[in-house]
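Okay, structure first, notes after.
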Protein chains: 2
Amino acid sequence: VDKMSLKWLSLLLLLQLTCYFSSGRCGKVLVWPMEYSHWINMKIILEELVTRGHEVTVLKSSAAILVDPNKSPTIKFESFPASVSQEDYENFFQQLLTEWIQGAKHSFWTKITTAQNIFSELSDVSLKICKDAVLNKKLMTKLQESRFDVILADPIIPCAELVAEILNIPLVYSLRISPGYSIEKFSGKLPFPPSYVPVVMSEFNDHMTFTERVNNMLYVVFLDFWFQTFNEKKWNQFYSEALGKSCFLFVSHEDLTPGISLLQEMEEFVQSAGEHGIVLFTLGSMIRNMTEERANTIASAFAQIPQKVLWKYEGKKPDTLGPNTRLYKWIPQNDLLGHPQTKAFITHGGANGVYEAIYHGIPMVGLPLFGDQPDNIAHMTAKGAAVRLDLDTMSRTDLVNALKQVINNPFYKENVMRLSTIQHDQPVKPLDRAVFWIEFVMRHKGAKHLRPAAHDLTWYQYHSLDVIGFLLACVATAAFALTRGCLFCCRKLANARKKAKRQ
Amino acid sequence: VDKMSLKWLSLLLLLQLTCYFSSGRCGKVLVWPMEYSHWINMKIILEELVTRGHEVTVLKSSAAILVDPNKSPTIKFESFPASVSQEDYENFFQQLLTEWIQGAKHSFWTKITTAQNIFSELSDVSLKICKDAVLNKKLMTKLQESRFDVILADPIIPCAELVAEILNIPLVYSLRISPGYSIEKFSGKLPFPPSYVPVVMSEFNDHMTFTERVNNMLYVVFLDFWFQTFNEKKWNQFYSEALGKSCFLFVSHEDLTPGISLLQEMEEFVQSAGEHGIVLFTLGSMIRNMTEERANTIASAFAQIPQKVLWKYEGKKPDTLGPNTRLYKWIPQNDLLGHPQTKAFITHGGANGVYEAIYHGIPMVGLPLFGDQPDNIAHMTAKGAAVRLDLDTMSRTDLVNALKQVINNPFYKENVMRLSTIQHDQPVKPLDRAVFWIEFVMRHKGAKHLRPAAHDLTWYQYHSLDVIGFLLACVATAAFALTRGCLFCCRKLANARKKAKRQ
């Protein structure tokens, strides 16, 4: 045995011990993944679970994209053949994206109808892949024999509940937010009074005018109706009472460590910016391209500012690109946001980017496209931490002015720093908290005591409509009886008088 | 400088450093205390704050009882003369107690009416003492000059909000539960759907039958109405918008360290019990006495069991007292519950005792008297961790059988052990969590971002009644217009036909 192996052996032992101490014993975690930013979020938790000695297995269809799965050699992947090709699957997402970005430009009703169509399409593809897994006897037998302790999933697409039911293991959801908050409302049974909780995609905040509250109420009624239809039609035969053992993890702050591993070329470019610092521009993990005209407008705006600009962009190099701007196919976004040279962040408003910017205290220029992005940017604007522009219609001057504002006006920096201070100030690090509750569900084989009793009520019982109806019926009966009684008495009295008169 | 002083100096430095590291700087905490078990709870948090280097000052009226204030030499007391004597104040509480225990024996309506009277009386006395403090110019000037960072209070009695407003400092509430959950509902703006959240003193749990839900709804309507009357009438001139800066700490688990410091005599008695172990019997910090007849019944029951019994009792020694039972004026309840010899706990069901019993996994016999005690015991009975008896009517045999059940039937031990496991399994110790949020409020000078926007809505806005009314009016107008339009068309058509016929 050489020295190196001994080192590895002791490291492995240490990992094993970490797990034994923190949770009693090491667990086996099965994962039903979602794509793009949802997968990026999930992976952070999975890697931490592996670090603590748990065995993590991701169920991966042959169509799955799973950005950078090779970068996590510690996570196991259990593959199964899908009836959809990976190319079709990826094209499907890119098409969805185009559709959604188009739809997101219009009124709430167009947005929500587009979202409905998109989720309906996503539902169909997901159902195919779900069937590919669940009806794959060999796979299911292998999973059954592996005796997992818990299944971790993103509730944005169904299937994990069914797998949990078949394998008879508890289920933990990791979710940022769902369209129309339907999942939190119906599966998590969280109360959402529409008077101060704005609907997703409404772009309202918690202080609404009367008109906004009227709209919010209409949205709620529509979404409540819409979600149920969507859910029941497509998955009825695949759904059962599987939600009984579920537990929710809400991702609302991320756990981030300041970046240190910048690529050398990037680092030199960033340092060359001097006192003016740098601006970072990305549009997330899904967007790869934009029209040439837009790219030129943006590039010409960048050419006018004293900062150096790092732009994540895979399209054709714009003609107007200035010497202060460099294009990259990929950038370490969180590392760069944590860099002391960074002055501003131009973002599409994806939740991860926004949380990273808040964490590092970087003011934002928001160019929201679809999904929760307009909401996220609306909230940042309300907090005074961002300026919002429209990617399609903004002029060169608009972008230059917005950048000057967030960089030079201390208002934005102060506001985002206040948010940053609050985000840092938590009793437990969010990643530790996520891992704690996953381990908790493994330890206690579920978390039934955390389930609100609302799950066991019908909708009319939940809203006490039967009780209110009964009480109103009682009042009505009493009123009726009283009136009849009075009338009866009056008549008797009248008869008595008549008789008296006659006599 | 001798060695001892150096040791103390370094210890002090260490404490100072603890505080600097955990919260940035040391803070000054002002406390508006409540009596009995509420004070016992509060003191645990105060002592921890002192340990972490904060300066804690308790506002203490000359009437204040504050059980064992001398045992906390590290907490400062700022005294002020009260217009009530301590004797009158203590008698007032004892009288309240008798009244409440009597009332608690009857229906919900009697219970709640009694509670209303009691809170109304408590409100009057508290108002007197509040005026004694607030109108004491010398005291208020001194407090103003002391520049406190935060005021900590129990919201069960008002006044702290006013002091916070005058001193212009943020307020933190520490609360277990309020009568009719009014404080959480109205000041904390927590949603409480009456379909599965039972009202305090209802003794229902979260799974209610239709009849129970009807009753619960009636209670809610009554309590909502009742609480507002109580609050507005008595404190109007003392209340302002002071609640704006508040933050809630809900005490629902206690942080307990296993007891080690048993008195030697007690320890010998406990050890002499051998394999049968011991039974612990206390009725809390307020009850001191019971009728001779009841005491004799209880003592004769104890004489029949093989366990040794430790009984906290200040009354006359019962004639039927067996050799296996000893009376004590005071017992270290938590230490004894943590003793490996302890087999069962006979309790009035106060929240502290119940949480301590859960923590140490000791099954209970509940003899609830008043306040939240019947609820606490109802929940323990529903979880299979306790047997409930009535102190006034139980026979010797009832008590003997109940004790035999919880000691010999593994059902009770298993259930309470499951609760214990869950209670121990938390990401942060409850005491650390309480201290964290108090320090958080000091650091950020309030916690406005944690305030639900519901605070800025009127009651009809909160329930969206204006929006619903408006939408119904729209529907009605549309229906009316449509009907009128149809009628108009019909008439036109009829007229046209008539004309056609005539021609």
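The values are calculated or read from the model by the stated rules, or taken from the named source; none is laboratory data. It should be emphasised that the depicted structure is a prediction, and the values quoted were computed from it without experimental measurement. Here Cβ is always computed from backbone atoms with ideal geometry, including for glycine, and neighbour counts include all displayed protein chains.
Listed values, structure above:
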read-out: Given (1) facing another protein chain (nearest Cβ under 9 Å); (2) under 30 Å from residue A:192 (Cβ atoms), number of the condition residue B:450 does not satisfy; value: (1)
read-out: Unmet requirement for residue B:467, which otherwise passes all of (1) under 30 Å from residue A:212 (Cβ atoms); (2) more than 14 Å from chain A (Cβ to nearest Cβ); value: (2)
read-out: Flag if residue A:484 is in a helix (DSSP H, G or I) and surrounded by fewer than 16 Cβ atoms within 10 Å (Cβ to Cβ); value: yes
read-out: Residue list for the range B:75-90, restricted to those being in contact with a helix residue (DSSP H, G or I) (Cβ under 8 Å, 6 or more places away or on another chain) and farther than 29 Å from residue B:282 by Cα; value: B:77, B:78, B:80, B:81, B:82, B:83, B:84
read-out: Inter-residue pairs, beta-carbon under 8 Å, first under 21 Å from residue A:191 (Cα atoms) and at the interface with another protein chain (Cβ under 7 Å from one of its Cβ atoms) and in the range B:194-221, second surrounded by fewer than 18 Cβ atoms within 10 Å (Cβ to Cβ) and β-branched (Val, Ile, Thr), 6+ apart; value: B:217/A:468
read-out: Search result, residues across the range A:359-388 that are surrounded by fewer than 24 Cβ atoms within 10 Å (Cβ to Cβ) and part of a helix (DSSP H, G or I); value: A:359, A:360, A:374, A:375, A:378, A:379, A:381, A:382
read-out: Scan of the range A:378-387 for residues that are under 19 Å from residue A:199 (Cβ atoms) and in contact with a helix residue (DSSP H, G or I) (Cβ under 8 Å, 6 or more places away or on another chain), ordered by number; value: A:380
read-out: Which numbered condition residue A:334 misses (of (1) part of a helix (DSSP H, G or I); (2) more than 21 Å from the chain's Cα centre (by Cα)); value: (2)
read-out: Residue that is modelled with the lowest pLDDT [pool: residues in the range A:389-417 that are part of a loop (DSSP other than H, G, I, E, B) and touching a helix residue (DSSP H, G or I) at 6+ places or on another chain (Cβ under 8 Å)]; value: A:392
read-out: Residue within the range B:438-449 that is of a type in the set (Gly, Ala, Ser) and either within 30 Å of residue B:368 (Cα to Cα) or touching a strand residue (DSSP E or B) at 6+ places or on another chain (Cβ under 7 Å) (or both) present; value: yes
read-out: Lone qualifier among A:317, A:308, A:343 - being surrounded by fewer than 16 Cβ atoms within 10 Å (Cβ to Cβ) and not hydrophobic (A, V, I, L, M, F, W, C); value: A:317
read-out: The range A:186-238, subset within 26 Å of residue A:128 (Cβ to Cβ) and aromatic (Phe, Trp, Tyr), residue modelled with the highest pLDDT; value: A:235
read-out: Test result for residue B:399, of a type outside the set (D, E, K, R), over 27 Å from the mean Cα position of the chain (by Cα) and facing chain A (nearest Cβ under 9 Å); value: no
read-out: Residue within the range B:271-282 that is assigned to a loop (DSSP other than H, G, I, E, B) and among the β-branched types (Val, Ile, Thr) present; value: no
read-out: Condition broken by residue B:427, with the remaining ones in (1) more than 10 Å from chain A (Cβ to nearest Cβ); (2) within 24 Å of the chain's Cα centre (by Cα) satisfied; value: (1)
read-out: Residues being among the aliphatic types (A, V, I, L, M), in a helix (DSSP H, G or I), in contact with a helix residue (DSSP H, G or I) (Cβ under 8 Å, 6 or more places away or on another chain) and surrounded by 17 or more Cβ atoms within 10 Å (Cβ to Cβ) - total across the range B:431-479; value: 7
read-out: Qualifying residue in the range B:292-305 (condition: assigned to a loop (DSSP other than H, G, I, E, B) and either modelled with pLDDT under 90 or not assigned by TED's automatic domain parsing to the domain that holds residue B:121 (or both)); value: yes
